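First comes the structure, then the notes that go with it.
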Amino acid sequence: MNPRHQLGILGGGQLGRMLGLAAAPLGLTCSFYEPSGSDCPAALLGPVMGDQEHSDEAVHAFLASADVFTYEFENIDIRLVERIAQHKPVYPGLESLRLTQNRLYEKSLFAELDIPTASWLAVNSRAELEAAMNTLGLPLVLKTTTQGYDGKGQFILRVPEDVTDAWQHLGANGPLIAEQFITFRREMSIIAVRDLQGHTATYPLTENVHLKGILSHSLTPAPEVSVAIEQTAVRYMDSLLTRLNHVGVLTLELFETDNGLLANEMAPRVHNSGHWSIEGALCSQFENHIRAVLGLPLGSTRCPRPTAMINLIGQPPERADILGLSGAHLHLYGKSPRPGRKLGHITLSADSHVELKQRMLDIAPYLPNPMALSA
Ligand code: AMP
């Protein structure tokens, strides 16, 4: 019989890979379920199994391969997770997964917990889209309720005539949600972890800059955050963690507006806006997720120095260029180049935000996507 692993991870992408990398120094090993095949970023860290049909054979092999299970991405077949949960522990639990798979459930949860969001309406027909436009005004953001990520499955309506294009674009994608367009000051996220006993630890607020719907770079701690904003974000996060009885990492994406914070969406998992924590926090989001789901004590989420994370999108940089810059940490995920694809990231720390900004400008000429920094 093959050796059993402590953690079985649904998904073998870069998040699975970084979870596997965080497990290794703790003497823990992982197996991965990745139907797209064994040529995936996590493959160097443990056995990869699974098939597109989720055959009994594949699911049983995965179940037998580990003691506790988690997932790297919420857009997975919940029936597969339910099958696993019938036999072995899966964290975060099914409630966290179900509610974060669908933007309508997520927005209803925010409303239940008095967490403000953009005004929104469910849209199931072109007539409902027109009604939403009249009620919420323009611009309007139309989104699919499921399977959206990195700005995919979205259409911004700016003039009434955009209804036809928007409906053509997304109308066939099942139930939709229309959201008021928010003119935010900036985007932020808060990442926290909750263990099996209900202890929590929260990372400082992170400022996130997106380009074309994809995260370009993050700064932690987010500069110039008022105490009131930080406390509000922590309060929203605490109420979500408790309500979901969440175990593991939870990420909440926020818009900072002139009238305070609005929740955008959440993810029951480690998140791109938390990659800075590998070098920038005393204990990374990946290690803390592993600690939480395996019943181990949580690590410190403290960020001793301002830290930036820069995504490498589409094309990788020259390794030597980045490694030639003192203190730059390079992470490449082993993925082949493709426009819009996240291939890796770079982490930089400094003694102040001013110095950090300068370090980001210094690195910009070596990036395949340097314009992101001047956004
Ligand atoms: P999402 O998939 O909901 O995270 O959206 C991707 C990106 O689109 C966000 O990070 C924002 O930059 C932008 N966005 C999403 N919803 C809105 C909104 N209601 N108003 C303005 N911008 C939005």
Restricting the search to the range 194-236, which residues are farther than 17 Å from His345 by Cβ and in a strand (DSSP E or B)? Arg194, Thr200, Ala201, Thr202
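One line per residue, one yes/no per condition, for (1) charged (D, E, K, R); (2) touching a residue at least 60 places away in the same chain (Cβ under 8 Å); (3) open to solvent by less than 10 Å² (accessible area, probe 1.4 Å):
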site: Ile278; (1), (2), (3): no, yes, no
site: Pro304; (1), (2), (3): no, no, no
site: Thr307; (1), (2), (3): no, yes, yes
site: Ile310; (1), (2), (3): no, yes, yes
site: Pro316; (1), (2), (3): no, no, no
site: Asp321; (1), (2), (3): yes, no, no
site: Leu325; (1), (2), (3): no, no, no
site: Pro337; (1), (2), (3): no, no, no
site: His345; (1), (2), (3): no, yes, yes
Within the range 173-181, identify whether any single residue is modelled with pLDDT under 95, away from the ligand (no atom under 12 Å from the Cβ) and not assigned by TED's automatic domain parsing to the domain that holds Cys283, and answer yes or no. yes
Which one is farthest from the ligand (Cβ to nearest atom) among residues in the range 111-126 that are open to solvent by less than 70 Å² (accessible area, probe 1.4 Å) and farther than 20 Å from Asn259 by Cα? Ser125
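Residue-wise test of (1) within 16 Å of the ligand (Cβ to nearest atom); (2) in contact with a Pro (Cβ under 7 Å, 6 or more places away or on another chain).
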{"site": "Ile214", "(1), (2)": "yes, no"}
{"site": "Val234", "(1), (2)": "no, no"}
{"site": "Leu252", "(1), (2)": "yes, no"}
{"site": "His271", "(1), (2)": "yes, no"}
{"site": "Gln285", "(1), (2)": "no, no"}
{"site": "Leu294", "(1), (2)": "no, no"}
{"site": "Gly314", "(1), (2)": "no, yes"}
Of all the residues that make up the range 238-275, how many are over 18 Å from Phe286 (Cα atoms) and either assigned to a helix (DSSP H, G or I) or not assigned by TED's automatic domain parsing to the domain that holds Thr202 (or both)? 6
Qualifying residue in the range 16-35 (condition: in contact (Cβ under 8 Å) with a residue 24 or more places away in the chain, part of a loop (DSSP other than H, G, I, E, B) and among the charged types (D, E, K, R)): no
Out of Ile156, Ile191, which single residue is under 25 Å from Leu205 (Cα atoms) and either more than 26 Å from the chain's Cα centre (by Cα) or of a type in the set (Val, Ile, Thr) (or both)? Ile191
Just checking, does the range 193-207 include any residue being more than 27 Å from His246 (Cβ to Cβ) and not polar (S, T, N, Q)? no
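Here is a yes/no grid of residues against (1) in contact (Cβ under 8 Å) with a residue 12 or more places away in the chain; (2) open to solvent by 10 Å² or more (accessible area, probe 1.4 Å):
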site: Pro223; (1), (2): yes, yes
site: Ser226; (1), (2): no, yes
site: Val234; (1), (2): yes, yes
site: Val249; (1), (2): yes, no
site: Phe255; (1), (2): yes, yes
site: Asn259; (1), (2): no, yes
Of all residues in the range 129-163, which are more than 9 Å from the ligand (Cβ to nearest atom) and assigned to a strand (DSSP E or B)? Leu142, Thr144, Phe155, Leu157
Please work out which residue is surrounded by the fewest Cβ atoms within 10 Å (Cβ to Cβ), limiting yourself to the range 182-212 and to residues that are more than 16 Å from the ligand (Cβ to nearest atom) and under 23 Å from Met360 (Cα atoms). Pro204
Sole exception among (1) within 16 Å of the ligand (Cβ to nearest atom); (2) hydroxyl-bearing (Ser, Thr, Tyr); (3) surrounded by 16 or more Cβ atoms within 10 Å (Cβ to Cβ) for Ser108, by number: (3)
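The values are calculated or read from the model by the stated rules, or taken from the named source; none is laboratory data. Every value quoted in this text rests on a predicted model; they were computed, and no experiment measured them. Reconstructed Cβ throughout: ideal geometry from the backbone, glycine too, with neighbour counts over all protein chains shown. With ligands, DNA and RNA removed, areas are computed over all heavy atoms of the protein, side chains included. Shrake-Rupley method; radii C 1.70, N 1.55, O 1.52, S 1.80 Å.
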